[in-house]
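The values are calculated or read from the model by the stated rules, or taken from the named source; none is laboratory data. Note that this is a predicted model, so its numbers are computed, not measured. In this analysis, Cβ positions are derived from the backbone assuming ideal geometry, glycine residues included, and neighbour counts consider all displayed protein chains. Side chains are part of the model used for accessible areas, which takes the heavy atoms of the whole protein and leaves out ligands, DNA and RNA. Shrake-Rupley method; radii C 1.70, N 1.55, O 1.52, S 1.80 Å.
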Amino acid sequence: MTAERADGTGVLIVGGGQAAVQLAVSLRELGWQAPVTIASEEPHAPYQRPPLSKSFLSGSADAASLEFRPPDFYERERITLLTSHRVTRVRAAAPGRPGVATTDRGKLLEFGHLALATGARPRFLAVPGAGLAGVCYLRDVAHAVELRERLNAAHRVLVIGGGFIGLEAAAAATARGKEVTVVEATGRLIGRVVAPVVSDFYYAAHQRRGVRIVLGAAVSRFEGADGAVTGARLSDGSFLPSDLVVIGVGAEPRTELAEDLGLACARGIVVDSCARTSDTAIVAAGDCAVTPHPAAAEGGLIRLESVGHAIEHAKIAAATLAGVPVPYDAVPWFSSDQGTLKLQIAGLSAGFDQTVVRGDPYQERFSVLYYRAGRLLAVHAVNTPRDYMAVRRALAAGQEITPADAADPDKPLKAVSASV
């Protein structure tokens with residue numbers, strides 16, 4: 001084994017996604033002078049993941065264009081980037097003794113401070129035939145490259161899962177002239193996130209574009225010939241022929257290292273409002289963590305998967321390591337591009353008891369504002385960026401937009417927000 005030795009004050013960041021890069025960048029912006037190392041299992045420099053199911057899959061972006069930073073950035077900022085190194089074991093630092101991480105290539109990495117930004121992995125569908133060629137997932141660039149190549153030759157595409165990844169993949173396949181079917185196990189699309197009016201809109205909009213949607217159905221097995229998928233048998237016995245299957249049924253936080261370290265985990269690595277784990281010398285940020293947030297329903301913990309969360313949560317973790325901790329209270333935001341439909345979300349709608357719809361869903365330009373006990377929680381805006389920005393700014397400033405004002409289409413939202 002080889003060893004990378006630090007001076008006992010260096011930071012090791014495990015993970016190579018948005019949160020990992022932002023954490024390293026924020027440390028330098030905060031004046032951190034000690035060594036910073038990012039250990040990533042992927043062979044590529046850190047890159048954006050959201051475009052994988054959008055511009056990359058559609059063919060309008062390549063792998064190089066997805067990279068967060070140019071190749072010389074890490075050297076210039078004195079950030080050591082180790083690619084193709086999966087950390088398999090960690091011994092935490094202790095007083096007078098540096099921590100040590102071991103990678104799958106036998107490298108030993110000494111550190112004084114540890115940050116976990118391990119992200120999430122696709123939730124796998126454990127049914128017979130899931131290993132057939134042509135059954136694909138979409139989480140990293142290797143997945144996306146395979147999927148894009150298979151999409152070129154495919155005729156009938158079956159998407160399992162009516163969430164954001166599934167619908168984005170369906171839109172990309174439809175735009176390329178493929179015959180597309182979406183199977184969703186629950187009774188509506190994107191049901192965990194959006195109100196029924198938004199689910200109904202996306203159901204109708206995708207159908208107008210030629211997508212067949214099957215709700216309330218589960219896959220019992222995949223069938224194939226000569227090792228390649230030929231379709232899916234559903235729980236009701238029906239068969240859906242396909243030569244390409246895209247599975248998007250959610251993601252699971254990667255908590256193995258945290259569990260090995262004895263850190264508290266519950267649907268993710270449990271952190272406090274300053275991104276400290278149950279071992280307060282270790283921080284965690286991004287998709288892998290569950291965190292308190294002022295907007296969380298009933299003061300609970302939330303786990304978010306979005307660019308905005310990864311960026312803002314990583315800044316909190318960096319501030320904690322730098323000795324200037326601040327609580328995490330940034331307004332969550334998210335976007336999903338499905339062909340010509342751009343959904344922008346600000347805030348958290350969980351626990352809402354009222355919605356107000358502005359605009360006309362049939363015209364594919366509308367927004368839905370969410371309220372609980374008359375207080376503004378969130379907005380889901382489809383092709384209405386002004387409504388999205390107005391609500392996001394109001395939430396960040398602690399301002400209100402009343403349901404009555406929101407319901408008046410003649411009143412721009414930015415003009416009716418008021419301090420609480």
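I need the peptides 284-293, 212-221 ranked by packing, meaning the mean over residues of other C-beta atoms within 10 angstrom, with the highest value on top.
284-293, 212-221
Starting from the Cα of R78, step 7 Å along the direction of its Cβ; do the same at A64; then give the gap between the two resulting points in nm.
Label at R78, label at A64, 3.1 nm between them.
Report the Cα centroid-to-centroid distance between region 264-335 and region 337-367 in angstrom, as an integer.
Here the two parts' Cα centres lie 26 Å apart.
Volume per residue, Å³, of the convex hull around the alpha-carbon atoms of region 1-120?
On the way: hull volume 12.9 nm³, N = 120.
Cα convex hull per residue, to the nearest whole number: 107 Å³.
Treating the beta-carbon of each Lys and Arg as +1 and of each Asp and Glu as -1, no other charges, what is the dipole magnitude of region 173-230 about its Cα centre, to the nearest 20 debye?
220
Where the centre of each part is set by its Cα atoms, how far does region 167-191 sit from region 121-150, in angstrom?
16
Which order do peptides 41-48, 239-246 fall in by mean Cβ count within 10 Å, highest first?
239-246, 41-48
Starting from the Cα-Cα distance between D260 and N152, subtract it from 0.36 nm times their residue separation and give me the gain in nm to one decimal.
My answer for the length gained is 34.7 nm.
Under 26 Å Cα-Cα from K54, which lysines qualify once same-chain neighbours fewer than 8 residues away are excluded?
The reachable lysines, counting only those whose Cα sits under 26 Å from K54, are K178, K342.
Along its principal axes, what span do the Cα atoms of region 266-316 show, with the longest given first and each in whole Å?
On the principal axes, region 266-316 reaches 27, 24, 18 Å in Cα extent.
Based on the mean of other beta carbon atoms within 10 Å per residue, what is the order of 100-106, 385-391, most packed first?
Result, highest mean first: 385-391, 100-106.
Please give the Cα centre distance for region 195-213 versus region 14-57, rounded to the nearest Å.
About 35 Å separates the Cα centre of region 195-213 from the one of region 14-57.
Give the Debye-formula value of log10 I(q)/I(0) at each listed q (0.21 Å⁻¹), with one equal scatterer per alpha carbon of region 239-363, two decimals each.
Relative scattering, expressed as log10 I(q)/I(0), comes to -1.22.
For the pair R97 and V197, what calculated FRET efficiency results from E = 1/(1 + (r/R0)^6), where r is the Cβ-Cβ distance and R0 = 41 Å, to the nearest 0.05?
The calculated FRET efficiency here is 0.10.
How large is ³J(HN,Hα), in whole Hz, for each residue of region 339-349 in order, when computed from phi with the Karplus curve 6.51 cos²θ - 1.76 cosθ + 1.60 and θ = phi - 60°, using x for Gly and Pro?
In residue order, the calculated couplings are x, 8, 9, 10, 9, 10, 10, 10, x, 10, 8 Hz.
How much accessible surface area, in Å² rounded to 10, belongs to the heavy atoms of R209 with a 1.4 Å probe?
Taking all protein chains as shown, R209 has close to 80 Å².
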